[in-house]
Every structure is written in C-alpha cells, then in structure tokens.
Amino acid sequence: AQGSSVTITGTSVDDILEVTGGNASSGIGGYTSSDFKCHSCGDITIENITVKATSNPPTITGGCAAAIGACGDETVGSIKINKAVVTAIGSGKNAGYVAAAIGGGMYSSTPVQTDFEITISGSKIYVTKGGSYASYIGVGGSMTRPAGYDVISTAKITNSTIYNES
C-alpha cells in the first residue's frame, strides 16, 4: 500500500521468484480492486535474487499496470533493484493504453506519474513494455500521450545491463 514498503531478497540470484498480477494489477506493486479502482503502492526493493514479474491487462475496465511499480495512473514510491536478475513484462490494453515494464502504468484520461525514484545497480534487467507507447523503465503511455523515451532520465543505473525484450 502507499506509504509502506516491501523488500524481496534472496541468498543468491539462484533463488527465483515468479509473480503475476491479478486483473489490471502489477506483479509487484499497485493493484486494481473489484470496483475497477487503481491503488498506489509504496517502496519496492529487490536484491540478490532472480525475479520474473508480469502484470495483467484489465479484463473489462481499469488501468494497465507496470510489471514492477504503479497501476493505472496511481503512484509508486521508490523502486530499488540491487544485485538481481529481473524480467519485467508490462501489460497493454487493446484500446491503446500500455504500461512500462518498470515504473508506471496508464489509465485513459488522467495525468500520468512522471516523477520516479528508480535505482538499479549491479543487475541484469530484461524489460518488455506493454506496447509501443510506453517506456521500458519509466511511464506508461497511449496513442495520444506516448512516453517519448525508453528509460526515464531520472533513473540511476550503475554497473547494470538493460535488455529490451519487446
């Protein structure tokens, strides 16, 4: 939940966690409730582990969610990935609303979160965005509001490799 934090850690990258979000929800992060309302999430830390996170597109209505991060146009606290191998697969919706792999989602007509604290160090990151309008690391987008970049300029990425899997 917003204001809280979660840390996912292993003893080595040989430890594996695979997570898939529910309807219109992140694998790790924000979610959509049964009334189709998107919810913000707090800080996310992933370290010393292999994680495969996949978000699910909405079945009826709701926002698209990042694999790791925000749901719809809601917010996420900080995202920190350290000494990990991460595969992140964002979701998309046939109406042209798509989410980033890591960072933000997208929901029709409301403003998109653009201020992210994303830190990645000593990691291998495999990213698949929800569609061509989103960034890989940063924000979701739509036909009328494309992200316009692949990795948000405020991300702090050191000693890491980012692989575009889209």
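Data table
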| item | result |
| --- | --- |
| Largest-first principal axis extents, alpha carbons of the chain, Å | 40, 31, 25 |
| Stretch gain in nm, segment Asp15-Tyr149, where the contour uses 0.36 nm per residue and the Cα spacing is subtracted | 45.0 nm |
| Amide proton proximity set for Asp73, modelled H, under 5 Å, gap of 5+ | Tyr107 |
| Lys, Arg +1 and Asp, Glu -1 on Cβ, resulting dipole of the chain about Cα centre, debye, nearest 20 | 240 |
| Listed residue (Phe36, Val85, Tyr107) projecting farthest to the positive dipole end of region 1-147, Cβ model | Tyr107 |
| Difference of contour (0.36 nm per residue) and Cα-Cα distance, Asn164 to Lys37 | 42.7 nm |
| Accessible carbon and sulfur surface of the chain relative to its total accessible area, %, 1.4 Å | 50 |
| By average C-beta atoms within 10 angstrom, highest first, the peptides 83-90, 63-70 | 63-70, 83-90 |
| Note, ³J(HN,Hα) from phi for region 75-85, Karplus 6.51, -1.76, 1.60, rounded to Hz, x at Gly and Pro | 9, 10, x, 7, 10, 10, 10, 9, 6, 9, 10 |
| Antiparallel bridges, percent of DSSP beta bridges restricted to region 19-166 (to nearest 5) | 15 |
| GNM result for the chain, Cα springs below 10 Å: residue of Gly96, Gly131, Gly141 fluctuating most strongly | Gly96 |
| Per residue accessible area in Å² of the chain, where ligands, DNA and RNA are left out and the probe is 1.4 Å | 44 |
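The values are calculated or read from the model by the stated rules, or taken from the named source; none is laboratory data. Keep in mind the model is a prediction, meaning the values are calculated, not measured. Methodologically, a virtual Cβ is constructed for each residue, glycine included, from the backbone with ideal geometry; neighbour enumeration extends over all protein chains shown. Surface areas here come from the heavy atoms of the whole protein model, side chains and all, with no ligands, DNA or RNA. Shrake-Rupley method; radii C 1.70, N 1.55, O 1.52, S 1.80 Å.
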